[in-house]
Amino acid sequence: MNNNTKLSEEDIIAATTEHVKQLLAGEGSGHDWWHIYRVWNNAKSIAAHEQANLFVVELAALLHDIGDHKFHNGDETVGPRMAYEWLQQLQVSKEVSNHIYDIIKEISFKGAGTSSEMSTVEGCIVQDADRLDAIGAIGIARTFAYGGHKNRELYNPEVAPVLHDNFEAYKTSTAPTINHFYEKLLLLKDRMHTASAKKLAEQRHAYMENFLSQFYAEWEGQR
Ligand code: ADP
Ligand code: NI
């Protein structure tokens, strides 16, 4: 890359796509490149109904999971810093880079009893897009993939779900995977910011409720 030539927005998105693909391809816990691809698509569809800076939305969607705290010993500052440094390499303005840094810093779910508000419309869009990929059929698949990756039980009727009131407790939980539905996934529909994401979330939520009913029926040996 010639350091004196500023890249176009299109080139920056293309370079970022390649960078993220290289970092996350083949990841086995549901945070792989295809998660990013889906969130990026969700974010573009939601943004089409909102007044937002699409360049910021796309870059934040692409970069939101590159240094996730779950894979860096709980350190929440790694992700936003990695994204910021990447954007600086591409000579993206400080204003846009800082905005994306803030979105990535704020985006994570931190426990049922905690707030994860977003400061800007671009942040709301990317958080909604990420959360849509945490629910519905894909959400179910990702959750069991993550549970397997962490060696968790599928379900244990003797371990009750906990509505965590702090991020530390949420992060360090080792509960069975079914508990995650009550601790996070079923709460997301009412925490969507945009109208279009709310609508999609309703369908995906209903699908998870059906899945859980069937799961418990089969657990007790019913057909
Ligand atoms: P966020 O994007 O809000 O930070 P995470 O990255 O923590 O959310 O989680 C993304 C997905 O990873 C969840 O929606 C879920 O599928 C899976 N996951 C995260 N934590 C757990 C857990 N404790 N048990 C099962 N799945 C989990
Ligand atoms: Ni994500």
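The values are calculated or read from the model by the stated rules, or taken from the named source; none is laboratory data. Note that the coordinates shown come from a computational prediction; the quantities given were computed from them, not determined experimentally. Cβ atoms come from the backbone with ideal geometry, glycine included; neighbour counts cover every protein chain shown.
Count of the stretch 168-196 residues, restricted to those that are within 16 Å of ligand 2 (Cβ to nearest atom) and modelled with pLDDT under 95, is 2.
What do you reckon, is S45 within 29 Å of I140 (Cα to Cα), surrounded by fewer than 17 Cβ atoms within 10 Å (Cβ to Cβ), touching a His at 6+ places or on another chain (Cβ under 7 Å) and not aliphatic (A, V, I, L, M)? Criteria not met by S45. Those residues that are surrounded by 20 or more Cβ atoms within 10 Å (Cβ to Cβ) and acidic (D, E), I need them from the stretch 125-162; list them, please. D128, D130, D133 - these are the residues of the stretch 125-162 that are surrounded by 20 or more Cβ atoms within 10 Å (Cβ to Cβ) and acidic (D, E). Residues in the stretch 207-223 that are loosely packed, with under 13 Cβ neighbours inside 10 Å and of a type in the set (A, V, I, L, M): A217 alone. Which number in (1) more than 16 Å from ligand 2 (Cβ to nearest atom); (2) at pLDDT 95 or above marks the one condition that D75 misses? Against the list (1) more than 16 Å from ligand 2 (Cβ to nearest atom); (2) at pLDDT 95 or above, D75 comes up short only on (2).
Put simply, of I104, I100, I66 the only residue that is away from ligand 1 (no atom under 14 Å from the Cβ), more than 22 Å from L212 (Cα to Cα), under 15 Å from the mean Cα position of the chain (by Cα) and hydrophobic (A, V, I, L, M, F, W, C) is I100. Scanning the stretch 107-126 for residues being over 14 Å from the mean Cα position of the chain (by Cα) and hydroxyl-bearing (S, T, Y) gives a total of 4.
When E158 is tested against (1) modelled with pLDDT of 95 or more; (2) outside any loop (DSSP other than H, G, I, E, B), only condition (2) is not met.
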